[in-house]
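Just below is one structure, and these are the notes that go with it.
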Amino acid sequence: MVLLTAAVVTLLASSGADALQARSEYELKAAYLYSFGRFVEWPAGDPRASGDFIICVLGSDPFGPALDATVSGVTLRGRKVVGRRLSTAAGAADCHILFISASEERQLETIVGSLAQAGVLTVSDIPRFVGRGGMIQFVVSGGRVRFEIDLRPARDANLTLSSELLRVAAAVRPDREQRQ
Amino acid sequence: MLLSTAKILHSAEPDPPSQNPARLTELSLEQLGDIEVTSVSKQPETVWQTAVAIHVITQEDIRRSGATSLPELLRLAPGVEVARIDSDHWAVGVRGFGDQFSKSLLVLIDGRSIYTPLFAGMYWPAHDTLIQDIDRIEVIRGPGGTIWGANAVNGVINIITKPTAATHGALVSVGGGSLDRGSVAVRYGGGDEGFSYRAYAKGINRGPEFHADGADFDGWWTAGAGARADWTRTGGDEVTLQGEVSRGDHGQRVSISTFSPPGLQPLDGALEAWGANLLGRWQKELPTGKGFRLQAYYDGTSWDAPHFAERRDTFDVDFLAHLTLARRHRVTWGGGARRSPSVFTPVVPTLDFSPREHTDTIAGGFLQDEIMLVRDRVWLTLGAKVEHNGDTGAEGLPSARILWTPAPSHTFWSSVTRAVRTPSRIERDLQQTTFSAFTPTAIGPVPVFIRVTGNDDFAPERLLGYEAGYRTRLAHELYLDVAAFHNQHDRLGSFDIGTITVETSPPPLHVLAGVHYVNGVDGTSDGFEVSPDWQLNPTWQVKGSYSFVKVDLATNPASVDVNAVSRYEGSSPHHQARLQVHATLPHRAELTTAYRYVSRLPALKIADYHTADARVAWRPVSDLELFVSGENLLQPYHTEFAHTPGPFVGIARSVFAGFTWTSRNAAP
């Protein structure tokens with residue numbers, strides 16, 4: 001019994017103290033969504049500037065409780081962070097960050113097209129989201145969640161992505177001024 | 001015990017920081033990128049990071065292909081041989097061994113096995129699920145026995161339908177054409193965050209393929225309805241309940257032997273199929289990286305063919321759990337049991353089973369540990385399953401796999417796996433009498449019949465597989481997947497000649513040449529698959545695959561079957577190639593064209609063939625898609641496999657057109 005207790009304590013000490021222990025994919029992605037808010041500048045004169053900081057999920061929600069748990073009680077630039085779920089892209093322009101669920105893959109081009117000038121940071125894990133008009137795409141590699149960035153749609157939306165964000169990104173698709 | 005105690009103590013602590021997801025928001029981006037994602041081997045993993053030759057057919061691939069049946073969809077995966085025998089029968093193989101009875105290949109729909117122990121394969125026309133509900137099809141080439149158990153020898157195909165949260169709203173899809181004459185599918189779904197549901201109904205009427213003699217025996221229809229409900233709770237619990245009923249008449253020509261003259265005659269008729277299944281699943285994922293899944297299902301089938309009838313009830317329960325130990329070990333374990341009582345009813349005197357009633361049983365357990373040997377670089381997975389079946393006893397199914405990712409865009413993997421295929425009822429219990437010829441005797445011509453009998457001593461076929469693969473991203477959106485294999489096959493089935501006897505009952509007097517199943521063939525198979533996938537730009541996507549397989553077998557001295565080796569070696573194509581180009585056109589239109597080449601099947605006297613499919617779709621408004629597709633366009637008809645009895649069936653050029661309407665909010 002003493003040995004068992006000792007083993008339990010050892011186990012607790014090694015895992016409990018370790019903030020970097022394994023997490024579910026969408027807990028991590030929820031945390032990323034929040035963190036992106038710290039490293040992106042929205043355009044001045046943002047009509048949403050006075051209210052809450054809004055993180056939306058469009059389509060079938062893969063986060064479960066993870067998004068609400070992540071944003072509960074946290075703030076970004078003094079604003080309360082709110083998670084919101086959308087079934088259509090109609091209200092998406094009110095979001096600061098829009099996560100587009102894989103369920104929306106077929107309408108993807110339409111959605112990102114309609115938000116091109118809206119100043120919304122679009123994020124998704126749809127394959128090739130980056131390259132199809134999306135700004136940040138999650139990629140799971142080596143059992144880790146990382147992300148890729150496309151600068152062109154971000155620039156079109158007047159969003160400024162900090163160098164810190166670009167440095168950490170797994171890949172950055174450059175902004176070619178004149179694309180054929 | 002230790003772990004559960006640890007968990008209780010752990011949760012008793014006052015809100016330990018690591019248990020609070022909000023704590024993640026205080027980490028830097030780099031730190032977030034270092035956190036390991038939990039996942040279970042029997043659940044979808046990122047394909048890139050799997051030490052298995054796996055190809056995922058996505059819902060976009062499915063929609064773009066225009067395919068309207070499951071076996072036609074499987075043509076999209078490298079290493080899979082799909083040969084249409086007639087309108088409602090297919091021979092499907094993975095890495096060789098294509099056969100109408102698709103031996104050594106395991107197929108599951110939402111975790112429910114559709115592999116029948118009657119003939120050790122899939123009876124495809126009875127499994128015509130709603131194509132629009134399919135989320136993805138994971139095609140695993142090579143043995144997967146450690147997780148999936150016996151009969152996952154040459155491959156495992158997992159058909160996974162969408163969660164109900166992804167199918168809210170209404171869907172109506174209607175089409176018609178030259179082969180698929182009429183097809184209707186309706187679906188409705190709804191719900192909120194905690195509860196979601198959908199229900200569907202569909203029906204398809206398919207015409208015959210091309211018959212030179214005009215005998216259009218292979219027309220068929222199938223209809224089905226099903227429903228699914230998903231509950232999710234904030235604790236990480238997910239509960240799913242789903243069920244289906246189906247009914248179909250599948251036209252076919254069979255040959256019937258009779259003791260009285262003419263001895264052998266073809267009979268055209270329909271197999272009347274009924275099917276019903278009900279599945280429940282409870283799964284729970286904890287933020288600590290632990291989780292489990294408990295699943296149980298019932299699957300009932302009733303088949304009334306022109307020459308036999310079978311009724312089968314399958315009950316299956318399956319448990320799987322995973323946990324992470326010391327951050328280096330991802331341990332997955334589980335167990336399951338299946339009981340499948342069946343009754344065979346003879347319809348003609350020359351086809352019977354002995355015994356007619358039989359219950360197949362399987363019980364087993366497995367343990368697998370994925371060990372991170374070098375942080376973020378090298379993983380070693382060791383596992384074993386022990387499975388006991390009621391007919392041939394226990395089998396051990398071990399495997400070792402290693403994965404190396406020297407850089408994020410390069411993955412190397414290799415594996416050694418053992419797998420077995422357990423005998424089907426045919427191989428153990430069949431009593432089939434087939435007319436051969438009349439032999440002249442002093443009392444006049446006497447009919448000679450071949451009687452094939454099952455063999456209680458038929459042992460499981462075994463495979464030892466060695467595999468290696470490499471996946472890379474050559475350019476930003478140019479992906480390449482290469483896999484090669486060397487398989488050692490032992491105890492493959494063949495026929496052996498038994499005794500020759502003379503029977504007077506039933507009359508008239510006849511000669512019986514006994515033939516029975518034995519494990520008479522051994523050998524190897526080798527091959528590789530190369531599959532590039534290139535998104536040139538947002539408009540153009542090119543996917544391709546080339547698959548090579550060479551089967552090299554020999555009859556062992558105990559067997560006298562002179563045909564077995566050439567039958568195995570020559571019933572699958574050495575070379576297969578496929579190229580698909582998809583274009584996203586302006587005005588919400590799209591065009592997909594696919595070309596395929598399949599080399600000849602010498603054992604079946606089937607020539608090589610090239611053909612092509614094309615599909616054009618246009619969405620005038622976002623809710624509505626109009627489409628026209630053409631299949632096998634390069635010639636009026638071609639043959640893909642031998643048909644017994646009788647002449648070859650030509651697989652005809654066909655067109656299909658229709659529309660799919662989805663209400664807003666519904667993901668198609």
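The values are calculated or read from the model by the stated rules, or taken from the named source; none is laboratory data. Only a predicted model underlies this, so the values are computations on that prediction, with no experimental measurement involved. All Cβ positions, glycine included, derive from the backbone under ideal geometry; neighbour counts span all protein chains shown.
A count restricted to the stretch B:239-248 and to residues that are surrounded by 19 or more Cβ atoms within 10 Å (Cβ to Cβ) and either under 15 Å from B:Trp303 (Cα atoms) or of a type in the set (S, T, N, Q) (or both) stands at 4.
Would you call B:Thr161 within 14 Å of chain A (Cβ to nearest Cβ), surrounded by 18 or more Cβ atoms within 10 Å (Cβ to Cβ) and within 15 Å of the chain's Cα centre (by Cα)? Yes: the conditions hold for B:Thr161.
Of the listed requirements (1) loosely packed, with under 15 Cβ neighbours inside 10 Å; (2) part of a strand (DSSP E or B), B:Pro349 misses just one: (2). Residue check: B:Pro573 meets all listed conditions (1) outside any strand (DSSP E or B); (2) modelled with pLDDT under 90 but one, namely (2). Out of curiosity, is B:Gly335 surrounded by fewer than 15 Cβ atoms within 10 Å (Cβ to Cβ), farther than 30 Å from A:Val145 by Cβ and free of Cβ contacts under 8 Å to residues at least 60 places away in the same chain? Here the answer is no, as B:Gly335 does not meet what is asked. Under 21 Å from B:Gly79 (Cβ atoms) and among the charged types (D, E, K, R), is that true of B:Glu503? No, not satisfied. Taking the criterion of being surrounded by fewer than 20 Cβ atoms within 10 Å (Cβ to Cβ), farther than 22 Å from A:Asp156 by Cβ, modelled with pLDDT of 85 or more and more than 9 Å from every other protein chain (Cβ to nearest Cβ), the residues of the stretch A:39-75 that qualify are A:Asp52, A:Thr75.
Looking across the stretch A:102-127 at every residue that is in a loop (DSSP other than H, G, I, E, B) and not β-branched (Val, Ile, Thr), the one that is nearest to the other protein chains (Cβ to nearest Cβ) is identified as A:Pro127.
For first residues located in the stretch B:449-471 and more than 30 Å from B:Pro508 (Cβ to Cβ), partners that are in a strand (DSSP E or B) and of a type in the set (Asp, Glu) and lie 6+ apart or on another chain with Cβ distances below 8 Å form the pairs B:Pro460/B:Glu395; B:Glu461/B:Asp490; B:Arg462/B:Asp490; B:Leu463/B:Asp490; B:Leu464/B:Asp490; B:Gly469/B:Asp481; B:Tyr470/B:Asp481; B:Arg471/B:Asp481. Residues being under 30 Å from B:Ile651 (Cβ atoms) and out of contact with any Ser or Thr (no Cβ under 9 Å at 6 or more places or on another chain): count how many of those fall in the stretch B:610-625. Selection size over the stretch B:610-625: 3. Of the residues examined, B:Pro78 is one that is in a loop (DSSP other than H, G, I, E, B) and either at pLDDT 90 or above or hydrophobic (A, V, I, L, M, F, W, C) (or both). Does B:Ala229 count as buried (at least 17 other Cβ atoms within 10 Å of the Cβ) and of a type in the set (A, V, I, L, M)? The answer is yes for B:Ala229. Of the strands (runs of 3 or more DSSP E) that lie entirely inside the stretch B:380-486, those containing 2 or more residues that are under 30 Å from B:Thr644 (Cα atoms) and either among the small types (Gly, Ala, Ser) or at pLDDT 90 or above (or both) span B:410-421, B:430-441, B:444-453, B:461-475.
Condition check ((1) modelled with pLDDT of 90 or more; (2) of a type in the set (Gly, Ala, Ser); (3) under 22 Å from A:Thr88 (Cβ atoms)) across all residues:
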| site | (1), (2), (3) |
| --- | --- |
| B:Thr129 | no, no, no |
| B:Gly142 | yes, yes, no |
| B:Gly149 | no, yes, no |
| B:Ile157 | yes, no, no |
| B:Leu171 | yes, no, yes |
| B:Gly177 | yes, yes, no |
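Regarding B:Asp88, is this residue within 14 Å of chain A (Cβ to nearest Cβ) and either under 18 Å from B:Ala612 (Cα atoms) or in contact with a strand residue (DSSP E or B) (Cβ under 7 Å, 6 or more places away or on another chain) (or both)? Considered against the rule, which asks whether it is within 14 Å of chain A (Cβ to nearest Cβ) and either under 18 Å from B:Ala612 (Cα atoms) or in contact with a strand residue (DSSP E or B) (Cβ under 7 Å, 6 or more places away or on another chain) (or both), B:Asp88 comes out as no. If only residues of the stretch A:128-142 that are at the interface with another protein chain (Cβ under 9 Å from one of its Cβ atoms) and assigned to a strand (DSSP E or B) are counted, the one that is modelled with the lowest pLDDT is A:Ser141. Looking only at the stretch B:384-399, how many residues end up being over 23 Å from the mean Cα position of the chain (by Cα) and surrounded by 16 or more Cβ atoms within 10 Å (Cβ to Cβ)? Of the residues in the stretch B:384-399, 2 are over 23 Å from the mean Cα position of the chain (by Cα) and surrounded by 16 or more Cβ atoms within 10 Å (Cβ to Cβ).
Evaluation of B:Phe435 against the conditions (1) over 23 Å from B:Leu351 (Cβ atoms); (2) buried (at least 16 other Cβ atoms within 10 Å of the Cβ); (3) hydrophobic (A, V, I, L, M, F, W, C) shows that the sole unmet condition is (1).
Among the residues of the stretch A:76-96, not a single one is among the hydroxyl-bearing types (Ser, Thr, Tyr) and either part of a strand (DSSP E or B) or at pLDDT 85 or above (or both). Is it fair to say B:Arg491 is closer than 30 Å to B:Ser399 by Cα, at pLDDT below 90 and in a strand (DSSP E or B)? For B:Arg491, the condition - closer than 30 Å to B:Ser399 by Cα, at pLDDT below 90 and in a strand (DSSP E or B) - is not met. Given the structure, is B:Ser399 under 23 Å from B:Gly523 (Cβ atoms), of a type in the set (Gly, Ala, Ser) and touching a helix residue (DSSP H, G or I) at 6+ places or on another chain (Cβ under 8 Å)? So B:Ser399 fits the description; yes. Residue pairs whose Cβ atoms lie under 6 Å apart, sitting 6 or more positions apart in sequence or on different chains, and linking a residue in the stretch B:378-392 that is farther than 18 Å from B:Pro423 by Cα and of a type in the set (Phe, Trp, Tyr) to a partner that is assigned to a strand (DSSP E or B) and modelled with pLDDT under 95, are B:Trp379/B:Glu370; B:Trp379/B:Met372; B:Trp379/B:Leu403. Taking the stated definitions as given, is B:Ala152 buried (at least 23 other Cβ atoms within 10 Å of the Cβ) and aliphatic (A, V, I, L, M)? So B:Ala152 passes the test.
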